[in-house]
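Structure, as C-alpha cells:
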Amino acid sequence: MTSQSPLPDSHAGGVLTIDTDAIAANWSLLASQLASGCSCAATIKADAYGTGAKITSKRLWDEGCTTFCVALPGEALEVRKVLPQAKIYVLDGLFPDTAETLASNSLVPVLGSEEEIREWAGFCRTAGQAFPAAIHIDTGMNRLGLRPEQFSSIMGDATLINSFSLDLLLTHLACGSDPNHPMNGRQLSAFREVTAPFSQIPRSLANSAGVLMGKEFHFDMARPGISLYGGKALDTQANTMAAVARVEARVMTVRSVPAGETVGYAASRTARRDTRIAMVAAGYADGMLRLTGSTDASEGGYGWIEGHIAPLFGRISMDMMALDVTDVPQGVVKRGSLVEILGPNVAASDLASYAQTIDYEYLTGLGKRYRRHYGRLPAPGARPGD
Ligand SMILES: *Cc1c(COP(=O)(O)O)cnc(C)c1O
C-alpha cells in the first residue's frame, strides 16, 4: 500500500482505502458490454469521483482506456501530467481565456454553445491550426449544448465548422437513472435525427446509465463515470459493480446509555432499551451526510464490523457519530477499533438514500481528513483473518 501522509493511521479519525484494480475491473466489465465498434472512455471529473484522478486515470490507462472526460480545464491539466498520450475531453466546455492552454496541452473542449464554437474557431484560425473539439447537442436536458435546430444551422456554416477539427458529437441523458422514463427515448431519437447527416463524425450519448440501458444507447463512444466507482447507475435494478472505496472510522469510546436517555445534538434519538453506543471519529466534515443519521421518527444509515450491522444512532456531528452496538457481541467493538462506515458492506447508495440523495454525492464528498490508502478491498462479508 502507498501512503500520502507521514502520520501513522492511528492518528487519523478514519482510513479511506481506494481499490484502483476494482475500478479497472468495473471499466473492463462495462467495456465488454458495449455494442461492437463502441469504445469505452472513462469519466474522471471531480477527482475521479473522489478516488484520485491521477492515480485512477493512470490505472485505467494501463487497463486499456485511452479516452478520458473531465469537467474542468484545471482537471484536464492535472490528468495530462500523468497521461501524455491520452485523449482528454473537457465536458464543461470552453471557458473564456482557456483556448490557448487547452490547445497547447492537446485537451479537447466539448463546445456547448454558439459562443464557444465561435471562440474556438476564431482561436484556431488565428493559430493557423485546426485543433480538435467536440460539440455538445442538447436533446432536452437544458443544461449545456446547442439545441438541435441551432446545431443544424451552425453546421451549415462551413467556414466556421472547418476552422477546427470536429471529432465527436455528444449528448447527455437527463433521466438515465430511470430506464422507464419516456425522456430517454425522446433524447435518443432527437440525437439520431439531428446527427444523421453527419455520419462521418463519431457520436457519444451514454453515461453509466446509458451503457446499462442497452446497445441502442451506445453509439461510438461511451463515457461512464459512477459505475466505474461502484455506484448505482439505475434505480430499477440491483447494482452489480464492485465497491471501490472503503471508509473505516475509529472508535473513540464505547459507552452505556440507559433506556430513556438521548444521544447527541438536538436529543433526536432516544434509547428504547439500555444501549451500547460506539462513538466513531467521522462526521459531516468527513462527508458523512448529516441526514444519514437517525431520529426517533426515522431510521438512518449503519456501520459494519466483523459481520455485524451497527445502526447510526441520532444525528451526525461535524467530527463524530454514534453507532448502536448493543447487538454486536461484547469485545468486538472497543476503543481504537475500526468500523466500516462505507464500503463493500455499507453501500454508498444505501447511505445516500437515507439522506435523500445519490451515491455520487457521497463519493465526491468524502473529505480530506481520512488517511488515504490505495490497495485491494476485502470482498463483501469478509472479516479480519478470513
Ligand atoms: C458526469 C457526466 C458523465 C458520467 O456520468 P455518470 O452518470 O457518472 O456515468 C458523462 N457525460 C457527461 C456529459 C457528464 O456530465
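Given the criteria more than 15 Å from VAL110 (Cβ to Cβ) and modelled with pLDDT of 95 or more, does HIS218 qualify? In short, yes.
Condition test on VAL15, is it more than 25 Å from PRO202 (Cβ to Cβ) and either in contact (Cβ under 8 Å) with a residue 40 or more places away in the chain or β-branched (Val, Ile, Thr) (or both)? Yes, satisfied. Taking region 207-218 as the range and being part of a loop (DSSP other than H, G, I, E, B) and either near the ligand (Cβ under 8 Å from one of its atoms) or over 22 Å from the mean Cα position of the chain (by Cα) (or both) as the test, only ASN207 passes. Taking the criterion of being among the small types (Gly, Ala, Ser) and more than 16 Å from the ligand (Cβ to nearest atom), the residues of region 223-266 that qualify are ALA238, ALA249, SER256, ALA259, GLY260, GLY264, ALA266. Candidates are the residues of region 158-179 that are out of contact with any helix residue (DSSP H, G or I) (no Cβ under 9 Å at 6 or more places or on another chain) and farther than 19 Å from GLY210 by Cα; the one that is farthest from the ligand (Cβ to nearest atom) is ALA158. At least 2 residues being surrounded by 23 or more Cβ atoms within 10 Å (Cβ to Cβ) and within 12 Å of the ligand (Cβ to nearest atom) is the threshold, and among the helices (runs of 4 or more DSSP H) wholly inside region 28-108 those reaching it are 45-49. Between ALA222, ALA158, which is in contact with a Gly (Cβ under 8 Å, 6 or more places away or on another chain) and either closer than 20 Å to GLU115 by Cα or crowded, with 18+ Cβ neighbours inside 10 Å (or both)? Checking each option against the conditions leaves just ALA222. The set of residues in region 299-326 that are in contact (Cβ under 8 Å) with a residue 60 or more places away in the chain and over 25 Å from the mean Cα position of the chain (by Cα) comprises GLU306, GLY307, VAL325. Once region 316-336 is narrowed to residues that are touching a helix residue (DSSP H, G or I) at 6+ places or on another chain (Cβ under 9 Å) and surrounded by fewer than 24 Cβ atoms within 10 Å (Cβ to Cβ), the residue that is farthest from TYR354 (Cα to Cα) is GLY336.
Scan region 154-176 and give yes if some residue there is assigned to a helix (DSSP H, G or I), small (Gly, Ala, Ser) and free of Cβ contacts under 8 Å to residues at least 24 places away in the same chain, otherwise no. Within region 154-176, one or more residues are assigned to a helix (DSSP H, G or I), small (Gly, Ala, Ser) and free of Cβ contacts under 8 Å to residues at least 24 places away in the same chain. Per the listing ALA190, ALA196, the residue uniquely surrounded by fewer than 17 Cβ atoms within 10 Å (Cβ to Cβ), more than 24 Å from the chain's Cα centre (by Cα) and more than 11 Å from the ligand (Cβ to nearest atom) is ALA196. Kindly evaluate VAL346 against the criterion of being under 18 Å from the mean Cα position of the chain (by Cα) and either surrounded by 21 or more Cβ atoms within 10 Å (Cβ to Cβ) or of a type in the set (A, V, I, L, M) (or both). Spelling it out, VAL346 is indeed under 18 Å from the mean Cα position of the chain (by Cα) and either surrounded by 21 or more Cβ atoms within 10 Å (Cβ to Cβ) or of a type in the set (A, V, I, L, M) (or both). Selection of first residues in region 238-262 that are closer than 18 Å to THR295 by Cα and of second residues that are among the charged types (D, E, K, R) and surrounded by fewer than 18 Cβ atoms within 10 Å (Cβ to Cβ), restricted to Cβ pairs under 7 Å at least 6 apart or on distinct chains, gives the following pairs, ordered by first then second residue: PRO258/ASP274; ALA259/ARG272; ALA259/ARG273; ALA259/ASP274. Would you pick out the residues in region 285-309 that are buried (at least 23 other Cβ atoms within 10 Å of the Cβ) and farther than 13 Å from LEU351 by Cα? The answer is ASP286, ILE305.
The values are calculated or read from the model by the stated rules, or taken from the named source; none is laboratory data. Quantities reported herein were computed from a predicted structural model and do not represent experimental measurements. Glycine also receives a Cβ, built like all others from the backbone with ideal geometry; neighbour counts cover every protein chain displayed.
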